[in-house]
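Everything below concerns the one structure shown next.
Where a number appears in this text, it was derived from the coordinates with a stated rule and is not lab data. What you see is a predicted model; the values in this text were computed from it and never measured. Every residue, glycine as well, gets a Cβ built from its backbone with ideal geometry; the counts of neighbours run over all protein chains shown.
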Amino acid sequence: EYLNYIYNSYKIDLSGIIFINDEKAEKEFEKRSGEFSQKELQNLLFSNLKNSKEYNFTIDILNQKIKENPDMAFLYAAKGRIFFKQGNFDKAINEFQKAISKSEIQTPYYLLLADTYFKKGDLKNAIINYNKIIEVYPYSLAIMAKTANLYLQTEQYNKARQMYLKINEIFPWVPYNSMETYYNQLAYTEYKLNNYKNALQYLKQLEEINP
């Protein structure tokens, strides 16, 4: 039950920012956060840092709190986000992996990890971690669409095709981004797989949308 409402209380976007917007979840999270208040934790994670001095100061605070609470996943994620903002992706990845190892609630941290791999240009590991999110949330349209696109970029056309078809099966009324984009990418995937008949079919559907 806790897992359900804490996840439902998260608003997660593809930039890897996590917001907590449910009062019940906030109270539960604060209870699990030891002696630190929710406000203090949010300030650590979402501080609008502007220069290296502020980054270093905040990392020093986080390091101290990690010493006091080494099993508190949220602190590692906060530290990882600072490294992410600095463009130090390897250090960010290390911190997000620590957060995953410390937390029962791993999906938000897998999103942070996947986005970091994506930003770093490591598409293979980005795909692996986006798929871990899909395993938990098989109806995550945005993550499925991003993963399908990554399969396409990495020339894994069969997997791209499977993901696009799965998107259409689960969301027949809301295809990825738009019908035009969906049919265009699916037609391209079929073409790359030498399925010219299927490619032509999707192009015809595309033409009906945008003559």
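Here are the numbers for the structure shown:
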read-out	value
Coil-residue chymotrypsin sites (Phe, Trp or Tyr not before Pro) of segment 114-188, DSSP, other Cβ within 10 Å capped at 14	Tyr139, Trp173
Cα→Cβ-extended label distance, 7 Å offset, between Lys120 and Ile209, nm	3.4
Lysine pair count for segment 108-211 [Cα-Cα under 21 Å; pairs on different chains or 8 or more apart]	21
Dimensionless Rg/Rh of segment 133-208 - Kirkwood Rh, Rg from C-alpha atoms	0.96
Rg [Å, one decimal], Dmax [Å, integer] - segment 53-95, C-alpha atoms	9.7, 27
At most 12 other Cβ within 10 Å, DSSP loop - GluC sites (Glu not before Pro), segment 50-108	Glu104
